[in-house]
Amino acid sequence: MKRIDAVTVIAEATTTEDLFVSSVGGLIDDWWNLRPGPVDNTMSLSILGSISSTALGLALALPHRRVVALETDGSVLMNLGAVTTLAVQRPRNLTVVVMDNGLYECIGSAPTLTSAGVDLAAIAAGAGCAHAVAVHDELSLAKELAASLAGDDLGYLVARIEPGMESWPEEKRRHTDGIEDKYRFVRYVEQLEGRRIHGGAPHV
Amino acid sequence: MHEQSVGTDRVPRYAQEFVNGLHEAAVTLVGTLPESHLKSVYVAIDRDPAIDLVRVSNEAELPGIVAGSYLGGRRALMIMENSGLRQACEPIARFSFAHQVPLVMVVSYRGDFGEANWWGHNHAQVMGPLLEALRIPMKIVDRVDDIKPMLRKAFDHAGASQWPVCLVMTGECTEGGAA
């Protein structure tokens, strides 16, 4: 299973009613092209170590809405303690999918520590995540993801993926920056929720 | 129930005012790594059914939790010792400079004038220059009567500027303060 395969499974299992927090790097163009709907449903963060925490805050803010964190092994490893907070809070509407290729691939494929045997699913299970599983192919990812999205507990899925980055033509690459993404994401949440999040102050 | 709340029946005035200020500012989520200067604040929040308390074990988790909550339209606050600014510095910098997500943070002023612990002085020495480097507006709050209006203003300022703000609690507004 390559990252593009895992992303395809996630996109097919979710809808435009769901919200996503993703890492940047090699994942971003894959997800931007395959995500459900041409809508601004994804906050892509340039902050390794804060993807799951941000998804947690979003899930706690919107307990009626499904939130999916599109994580990477490099990001999870940068702030490993965050999984303990996830396990204690265990919001039922949050699913974390860690795409674990054992590499910092987009900066030249230096190995991450998962390539030396660190087991993120076992760590999550040890932290107390009741639904922490490792998956190695599209079928098992689809099965576990469907169970998590329909379930009543936090889901923590570690998808072991092979190296390999998709090459997207220039017109299909994501060209927005982190500030534009923030505004677009907030406006989309406002549209979904039917209420104002940012703004409302007088202009004069 | 927070373990710090065990055996603590009386909530000091500063802590009660803090919680009242959170209510007035419509804050319903607080993320924190507890410390000693604001001990009763954590107890009071934990006892308050209208506010959810998320305890972390590293301050670097807090910016993400508060930012995610903001993006979902729920008002959240992060509370930590001022040394936590250093631990959380990288995500704070990125949420502000790269994404312009407003984060409202309250820190205790470890190392303020009269600090008796040798290890606490570096917290104060670094805090001001660090906040300045991050371009984060800060206000020192040392009077209990200022807690509520400063919390309200902090959220107004952060929301309008789309940038973090920091309140630094000391004096009357800390455990064992004068009030």
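The values are calculated or read from the model by the stated rules, or taken from the named source; none is laboratory data. These figures come from a predicted structure and were not determined experimentally. Here the Cβ positions follow ideal geometry from the backbone for every residue, glycine too, while neighbour counts run over all protein chains shown. Surface areas here come from the heavy atoms of the whole protein model, side chains and all, with no ligands, DNA or RNA. Shrake-Rupley method; radii C 1.70, N 1.55, O 1.52, S 1.80 Å.
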Within a Gaussian network of chain B (alpha carbon springs, distance under 10 Å), most fluctuating of B:Val165, B:Val107, B:Val54 | B:Val54
Taking only protein heavy atoms and a 1.4 Å probe, what accessible area per residue, in Å², does the protein assembly as shown have with all protein chains in place?
-> 41
Would you kindly derive the ³J(HN,Hα) couplings of the range B:129-139 from the backbone phi angles with the Karplus curve 6.51 cos²θ - 1.76 cosθ + 1.60 (θ = phi - 60°), listing them in order in whole Hz, with x for Gly and Pro?
-> x, 5, 4, 5, 4, 7, 6, 9, x, 9, 10
Rounded to the nearest whole number, the per residue volume of the convex hull around the C-alpha atoms of the range A:58-204 in Å³ is 162
For the range B:27-84, give the percent of accessible area contributed by carbon and sulfur heavy atoms, probe 1.4 Å, rounded to a whole number.
-> 47
Would you mind telling me which residue in A:Arg174, A:Arg92, A:Arg66 has the biggest mean-square fluctuation in a Gaussian network model of chain A, where springs connect alpha carbons within a distance under 10 angstrom?
-> A:Arg174
Would you mind getting me the FRET efficiency between A:Lys143 and B:Ala50? Use the beta-carbon distance for r and R0 = 45 Å, nearest 0.05.
-> 0.70
Under a plain spin-label model, where a point goes 7 Å from the Cα along Cα-to-Cβ, how far apart in nm are B:Asn20 and A:Cys106?
-> 4.9
Separation of alpha-carbon centers, the range A:115-152 and the range A:22-101, rounded to whole Å | 14
Take the solvent-accessible surface of the protein heavy atoms, probe 1.4 Å, and return the percent of it on the range A:58-141 that carbon and sulfur atoms account for.
-> 60
For the range A:77-83, in order, what is each residue's ³J(HN,Hα) by Karplus, 6.51 cos²θ - 1.76 cosθ + 1.60 with θ = phi - 60°, in whole Hz (x at glycine and Pro)?
-> 5, 5, 9, 4, x, 4, 5
For A:Leu103, list long-range residues whose amide hydrogen, built 1.01 Å from N in the peptide plane, is under 5 Å from its own amide hydrogen.
-> A:Thr112
For the range A:95-204, percent of DSSP beta bridges that are antiparallel (nearest 5) comes out at 15
Restricted to pairs 8 or more residues apart or on different chains, the lysines in the protein assembly as shown with C-alpha atoms under 19 Å apart form a number of pairs equal to 4
Based on Cβ point charges of +1 for Lys and Arg and -1 for Asp and Glu, what charge dipole magnitude is obtained for chain B about its Cα centre, in debye rounded to the nearest 20?
-> 400
Can you tell me the order of A:12-25, A:42-55 when each peptide is scored by its average per-residue count of other Cβ atoms within 10 angstrom, highest first?
-> A:42-55, A:12-25
Quick one: which residues, 5+ away or cross-chain, put their amide H under 5 Å from the amide H of A:Ala134? H built at 1.01 Å from N.
-> A:Val158
Value of [θ]222 nm, deg cm²/dmol, for chain A, DSSP H segments ≥ 4, -39500 (n - 2.57) each, nearest 500 | -11500 deg cm²/dmol
Where does each of A:Thr72, B:Thr32 land when they are ordered by accessible area, with a 1.4 Å probe and the largest first?
-> A:Thr72, B:Thr32
Pop out the ³J(HN,Hα) list for the range B:59-64 in order, Karplus 6.51 cos²θ - 1.76 cosθ + 1.60 with θ = phi - 60°, rounded to Hz; leave Gly and Pro as x.
-> 4, 5, 7, 5, x, x
Separation between the A:Ser167 and B:Phe97 pseudo-spin-labels, each 7 Å from Cα along Cα→Cβ, expressed in nm?
-> 3.3
Chains B and A: accessible area buried, summed over both chains, 1.4 Å probe, nearest 100 Å², reads 2300
